[in-house]
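Some notes on the structure that comes next.
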Amino acid sequence: MIRKMSSCTARSVLEKGSDPFESAKPRGSGLDGLPRLSRGLTPFSTRSKRRAAFSLMELLVVIAIIAILIGILIPAVQKVREMANRASCLNNLKQIGLALQNYAGTATTFPPGGVTPNVCCETQDSKSNANWAMLILPYIEQQQVYDRYDPTKFCEDQSDAFRTAYVKTYACPSDINTTQPQKPFNGPGNDKLFMPSSYRGMSGRGSNDGDRFFTQPEEAYIMEQAGLRQYIGVLHTFYSCDGTNMKELGNESFATITDGASNTLMVGEYTTTTLVGRRAYWAYTYDQYPLSGAVPYYQTIGNSFDACVNDPDRTFDKDACKHGWGSMHPGGSCRICAQGRTV
């Protein structure tokens, strides 16, 4: 009886159209039991909201933070880059020093600083032959460049392919314009293009007034006559000349370095940001271009030729400024001794 009544009740409920699960739906729900939202929104719709923009003060704060970060990072990046450049420059000098030692091991002497077999200066008769940087090319893995050199011709008359060849070992990464051929400021080759170099050989100490050096024959003769032969460096001009007669000074060897190879400077950096025609050129032997000297004046140590010449405290001949040393390194220029030690 109870079964029949239950069946009857269920049938009557269905006939009346009632939903037996109506009570199970949450109040306020719509079709399929999904909750109703106001204004006809479904649970999957979102009401668009306008995002508030940055205020001017917030924007300025962000810009200030970015500027501070840039100010911190840029010097750090520049410092790291310069450390890498200096390390590369020192490596160049080590390669040059090793090449000079290998040359001396083969030839029993160091190469001449420069060979000018004529009376200097400023005329076509003062053309020059090879210098130390040209002669050690095979020892720095530049045989293909050296093969372009014609020993029967002056350096001013060598081919463009030789004079303008880029030699990486002769270019300091911190130096300027080392990949573009330039014309020297003076001499018989000042109408020709030569590839710059960042390095010069040490010709020795100059006269006290800064007017004479062992970089060309006439000046070497005057230094000898003044009793200053002991000032001569490892890489000096090959000849001495009294104006007419040429006399060989000869080349130096380890045996003639009386102050000790570890105490004797052999090659160092030189560049200038002013009057750039005065800089070093590895294939141009004339006068001071492949060579510098030493004088007791601080003005000759720097990367500006004009600053040296125009210094109000300069008490020496301006010729010393042509024989100076300098680089673009903030910590000073790099040099190498005859023993191979870099400083």
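The values are calculated or read from the model by the stated rules, or taken from the named source; none is laboratory data. Here the structure is a predicted model, which means the values were calculated and not measured. Don't worry about glycine lacking a Cβ; one is built from the backbone with ideal geometry, like all the others, and counts go over all protein chains shown. We work out accessible area using only protein heavy atoms, side chains counted, and drop any ligands, DNA or RNA first. Shrake-Rupley method; radii C 1.70, N 1.55, O 1.52, S 1.80 Å.
Can you find a residue that is in a strand (DSSP E or B) and open to solvent by less than 10 Å² (accessible area, probe 1.4 Å) anywhere in segment 211-224?
no
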> What pairs come up if the first residue lies in segment 129-153 and is of a type in the set (Phe, Trp, Tyr), the second is buried (at least 21 other Cβ atoms within 10 Å of the Cβ) and assigned to a helix (DSSP H, G or I), and their beta carbons are under 6 Å apart, counting only those six or more places apart or on different chains?
Replying inline: 139/99; 146/137
> Scanning for something in contact (Cβ under 8 Å) with a residue 24 or more places away in the chain and farther than 29 Å from residue 130 by Cβ, does segment 310-318 turn up at least one residue?
Replying inline: yes
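Within segment 301-313, can one find any residue that is farther than 18 Å from residue 178 by Cα, in a strand (DSSP E or B) and not charged (D, E, K, R)?
We begin by selecting, within segment 301-313, every residue farther than 18 Å from residue 178 by Cα; these are 301, 306-313.
Remaining after also requiring in a strand (DSSP E or B): 301.
Remaining after also requiring not charged (D, E, K, R): 301.
The answer is yes, given that some residue of segment 301-313 is farther than 18 Å from residue 178 by Cα, in a strand (DSSP E or B) and not charged (D, E, K, R).
Of everything in segment 190-222, what is among the β-branched types (Val, Ile, Thr) and in contact with a Ser or Thr (Cβ under 7 Å, 6 or more places away or on another chain)? Give them in sequence order.
Taking segment 190-222 and keeping what is among the β-branched types (Val, Ile, Thr), we get 215, 222.
Listed by number, the list holds a single entry, 215.
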>> As an exercise: evaluate residue 78 against (1) more than 18 Å from residue 335 (Cβ to Cβ); (2) in contact with a Gly (Cβ under 6 Å, 6 or more places away or on another chain) and give the number of the one condition it does not meet.
In response: (2)
> Of the residues 199, 270, which is under 19 Å from residue 130 (Cβ atoms) and in contact (Cβ under 8 Å) with a residue 24 or more places away in the chain?
Replying inline: 199
>> Tally up the residues in segment 148-175 that are open to solvent by less than 50 Å² (accessible area, probe 1.4 Å), of a type in the set (Val, Ile, Thr) and in a loop (DSSP other than H, G, I, E, B), please.
In response: 2
>> Among the residues of segment 72-113, what is the count of those that are assigned to a helix (DSSP H, G or I), among the β-branched types (Val, Ile, Thr) and touching a residue at least 40 places away in the same chain (Cβ under 8 Å)?
In response: 1
> When you go through (1) among the β-branched types (Val, Ile, Thr); (2) at pLDDT 95 or above; (3) open to solvent by 70 Å² or more (accessible area, probe 1.4 Å) one by one for residue 258, which number turns out not to apply?
Replying inline: (2)
> What residue, among those in segment 266-315 that are open to solvent by 10 Å² or more (accessible area, probe 1.4 Å) and among the aromatic types (Phe, Trp, Tyr), is farthest from the chain's Cα centre (by Cα)?
Replying inline: 297
